[in-house]
Ligand code: 5GP
Ligand code: ZN
């Protein structure tokens, strides 16, 4: 059984902040910022490529609810909400989870997205690859 399934089954303790029939949310053990929370389906799904639509709806509803909860209780209105899908993307626990990371005035999480000059030839080729039947 995977680590997060053990947390769902209460075999490993966690600081739960939200739970319903389909979804659990608990504090990430390694807090990027205060309130950094993981939101995950109770059903074992390894990553977003394996996600079914119904579970996806439950998960996205819960992400909105958890973000709202953190916003109200921790008095913050800025968040990074992200998912690492696959090892190259930095996924270390192979049970799908969404990171909800609050941004606080005095406690900043740095999300690196590099800014490049637009390469329109490449954009066109990539776009074609994606939309071609
Ligand atoms: P990933 O790198 O797969 O996107 O994120 C996995 C996250 O799980 C990491 O941020 C890590 O800190 C967190 N984590 C790993 N082990 C535990 C644990 O035993 N309990 C909790 N609450 N979080 C964990
Ligand atoms: Zn699992």
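The values are calculated or read from the model by the stated rules, or taken from the named source; none is laboratory data. For clarity, every value in this text was computed on a predicted model and none was experimentally measured. No Cβ is skipped: glycine too gets one built from the backbone with ideal geometry, and neighbour counts run over all protein chains shown.
Figures for the structure shown
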| read-out | value |
| --- | --- |
| Candidate set from segment 39-57 (those that are touching a residue at least 40 places away in the same chain (Cβ under 8 Å) and in a helix (DSSP H, G or I)); member that is farthest from the chain's Cα centre (by Cα) | 50 |
| Members of segment 63-86 found to be within 16 Å of ligand 2 (Cβ to nearest atom) and in a helix (DSSP H, G or I), listed by number | none |
| Failed criterion for residue 93 (all others in (1) assigned to a loop (DSSP other than H, G, I, E, B); (2) near ligand 1 (Cβ under 8 Å from one of its atoms); (3) crowded, with 16+ Cβ neighbours inside 10 Å hold) | (3) |
| Flag for residue 111 being at pLDDT below 95 and within 30 Å of residue 6 (Cα to Cα) | yes |
| Hits in segment 11-38 (condition: within 11 Å of ligand 1 (Cβ to nearest atom), in contact (Cβ under 8 Å) with a residue 24 or more places away in the chain and surrounded by fewer than 18 Cβ atoms within 10 Å (Cβ to Cβ)) | 28, 32 |
